[in-house]
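Colleague: Mind having a look at this structure? Questions to follow.
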Amino acid sequence: MYAYLEGRITEQNPASVTVDCGGVGYEVNISLHTYTKIKDKETVRLWIYQAVREDALTLFGFADKKEKELFLLLISVSGVGANMARVILSTLSPETTVKAILDGDAKRIQSVKGIGLKTAQRLIVDLRDKVGKTGLAAESASFLPELSEERQEAVAALVTLGFAKTAVEKAVDALQAKNPDLNTEDIIKQALRML
């Protein structure tokens, strides 16, 4: 069982990364959340979950332990596999996912492609108590920033252009976290490169 991989990034895209560890390249599936955290780095440490099936051995990597912890909680729910959990963490940030579970916000969870009402409700019922006992719950409460006018305008413009709202919000939030002083036009230009 792997705990983490640390090495040089040789290839990466929003869905996977290849990490060279002592001359061996490991292909690791990642979420968009992890991708935004590691995309400008040359070397990386990824916390690993190894999924073993009859026909495949797949590695899933996370930029931090808390995202991995949430991933493990998600896959503990009946009907949610490793790939579905990765899609959830790519569509919603870990903090947003935790907040949706704690608030019982099934609609927010249903915004993830492939998740219906029953699965969203099962996630809420099965994980509400478990998530409440982790450090993730406290972080999610302080995560959601005040929605600036620039953010609202940029999100509205990008959604009008045809991009998915959840992906747009994630890109805009990441940009504003790095540089809170960006104006609406700059946010839109930079977000278009990310989407």
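Colleague: Please find, in a Gaussian network model of the chain (springs between Cα atoms separated by less than 10 Å), the residue of Thr160, Thr18, Thr91 whose mean-square fluctuation is greatest.
Modeller: Residue with maximal mean-square fluctuation among Thr160, Thr18, Thr91: Thr160.
Colleague: Let me ask something else. Give me the three principal axis extents of the chain from the C-alpha atoms, as integers in angstrom, largest value leading.
Modeller: 48, 40, 29
Colleague: I've got another one for you. Under a point-charge model restricted to the Cβ atoms of Lys and Arg (+1) and Asp and Glu (-1), what is the dipole moment magnitude of the chain relative to its Cα centre, in debye to the nearest 20?
Modeller: In total the dipole reaches around 540 debye.
Colleague: Per DSSP H run of at least 4 residues, take -39500 (n - 2.57); add these up for the chain, divide by its residues and hand me the 222 nm value, nearest 500 deg cm²/dmol.
Modeller: Working: 10 runs with 104 residues, N = 195.
Using -39500 (n - 2.57) per qualifying helix, the result is -16000 deg cm²/dmol.
Colleague: More than 17 angstrom separation, counting every C-alpha pair in the stretch 149-194; what % is that?
Modeller: Value for the stretch 149-194 (Cα pairs over 17 Å): 13 percent.
Colleague: Say the dipole of the chain comes from +1 at the beta carbon of Lys and Arg and -1 at that of Asp and Glu; which of Tyr26, Gly79, Ala157 then lies farthest toward its positive end?
Modeller: Ranked along the dipole, the leading option is Gly79.
Colleague: Please list, in order along the stretch 33-40, the HN-Hα scalar couplings obtained from phi with the Karplus expression 6.51 cos²θ - 1.76 cosθ + 1.60 (θ = phi - 60°), rounded to whole Hz, x for Gly and Pro.
Modeller: Karplus-based 3J(HN,Hα) across the stretch 33-40 equals 4, 5, 4, 5, 7, 10, 5, 9 Hz.
Colleague: Which shape class, rounded, prolate or oblate, goes with the stretch 4-62 when its Cα gyration tensor gives a ≥ b ≥ c as root eigenvalues, a/c under 1.5 marks rounded, and past that a/b bigger than b/c marks prolate? Spell out each step's value before the answer.
Modeller: On the way: a/c = 1.96, a/b = 1.34, b/c = 1.47.
Here the stretch 4-62 falls in the oblate category.
Colleague: Next question. Summing Lys, Arg as +1 and Asp, Glu as -1, what charge do residues with Cβ under 14 Å from the Cβ of Asn183 carry, Asn183 excluded?
Modeller: With Lys, Arg at +1 and Asp, Glu at -1, the neighbours total -4.
Colleague: Still on this structure, I have one more. With the alpha-carbon atoms as the only input, what is the per residue convex hull volume for the stretch 46-134 in Å³?
Modeller: Here the figure is 88 Å³ per residue.
Colleague: Further, regarding this structure: Using only Cα atoms, locate the centre of the stretch 1-19 and the centre of the stretch 28-71, then give the distance between them in Å, rounded to an integer.
Modeller: Cα centres, the stretch 1-19 to the stretch 28-71: 7 Å.
Colleague: DSSP beta bridges in the chain, what fraction antiparallel, as a percent rounded to 5?
Modeller: 90
Colleague: Here's another thing I want to ask about it. How large is ³J(HN,Hα) for each residue in the stretch 184-195, as worked out from phi by the Karplus curve 6.51 cos²θ - 1.76 cosθ + 1.60 (θ = phi - 60°), to whole Hz, x for Gly and Pro?
Modeller: 4, 4, 5, 4, 5, 4, 5, 5, 4, 6, 8, 8
Colleague: If r is the Cβ-Cβ distance from Thr58 to Glu149 and R0 is 45 Å, what FRET efficiency results, to the nearest 0.05?
Modeller: 0.60
Just so you know, all these numbers are worked out from the coordinates, no wet-lab data involved. Bear in mind that the values here come from a model prediction, so they are computed numbers and not experimental data. Because the Cβ atoms are built from the backbone with ideal geometry, glycine has one as well, and the counts that use them run over all protein chains shown.
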